[in-house]
């Protein structure tokens, strides 16, 4: 398997379950396939990537390096797709949206379907991370905006919109080409839950 995103997902589930059979069941693959996949990776790398000696499973130091490598490949693949989009799909706009990990499954199903239906030329790429990681990604230009909570520590280089009721924020850096002082990509009324 050469799909870094799938490998990351497999590793995440395996670490969460700390059991090959349970992980395979959750991934809808066979346990022998998952076991052989990990063994092939370890053989190719020449070292173990998962500590299986105790529960919960954890990544070895080599496993952490491999995991970070997969994250970098995945990010670079997404960046390449975004950079090529003006040439391959000239009318498509890609918005990289950072979201607080705990909000991804709760909030986005309420927001994105109507937004995407009203904006068929837009593709959303999601990045679920901690507030600190999302803020760093915003400041580095790795994401275009961020939906999160409690912006007490938000950098002064970022603007944010406070939605009353629920404490969720859409944050867009001023240096983003999506930033407009008079307009938000996600309008305030689209943030109703």
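Can you name the condition, by its number, that residue 156 falls short on among (1) modelled with pLDDT under 70; (2) in contact with a helix residue (DSSP H, G or I) (Cβ under 8 Å, 6 or more places away or on another chain)?
(2)
Check 122, 170 and return the single one that is modelled with pLDDT under 65 and either buried (at least 16 other Cβ atoms within 10 Å of the Cβ) or out of contact with any helix residue (DSSP H, G or I) (no Cβ under 6 Å at 6 or more places or on another chain) (or both).
Criteria check complete, one pass: 170.
Conditions tested, residue by residue: (1) in contact with a helix residue (DSSP H, G or I) (Cβ under 8 Å, 6 or more places away or on another chain); (2) free of Cβ contacts under 8 Å to residues at least 60 places away in the same chain; (3) exposed (fewer than 14 other Cβ atoms within 10 Å of the Cβ).
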| site | (1), (2), (3) |
| --- | --- |
| 30 | yes, yes, yes |
| 57 | yes, yes, no |
| 66 | yes, yes, no |
| 74 | yes, no, no |
| 79 | no, yes, yes |
| 85 | no, yes, no |
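In the range 34-43, is there at least one residue being within 21 Å of the chain's Cα centre (by Cα) and at pLDDT 90 or above?
no
Conditions: (1) closer than 30 Å to residue 141 by Cβ; (2) at pLDDT below 90. Residue 65 meets all but one. Number of the miss?
(2)
As an exercise: evaluate residue 20 against (1) surrounded by fewer than 15 Cβ atoms within 10 Å (Cβ to Cβ); (2) farther than 30 Å from residue 145 by Cα and give the number of the one condition it does not meet.
Exception for residue 20: condition (1).
I'd like the full set of residues that are farther than 18 Å from residue 69 by Cβ and either touching a strand residue (DSSP E or B) at 6+ places or on another chain (Cβ under 7 Å) or crowded, with 16+ Cβ neighbours inside 10 Å (or both), limited to the range 1-17.
Once the filter is applied, which keeps residues that are farther than 18 Å from residue 69 by Cβ and either touching a strand residue (DSSP E or B) at 6+ places or on another chain (Cβ under 7 Å) or crowded, with 16+ Cβ neighbours inside 10 Å (or both), the range 1-17 yields 13, 17.
Please determine whether any residue of the range 8-27 is in contact with a helix residue (DSSP H, G or I) (Cβ under 9 Å, 6 or more places away or on another chain) and in contact (Cβ under 8 Å) with a residue 60 or more places away in the chain.
yes
The values are calculated or read from the model by the stated rules, or taken from the named source; none is laboratory data. As the structure is a computational prediction, the values presented were derived from the model and not from experiment. We place every Cβ from the backbone using ideal geometry, glycine too, and count neighbours over all the protein chains shown.
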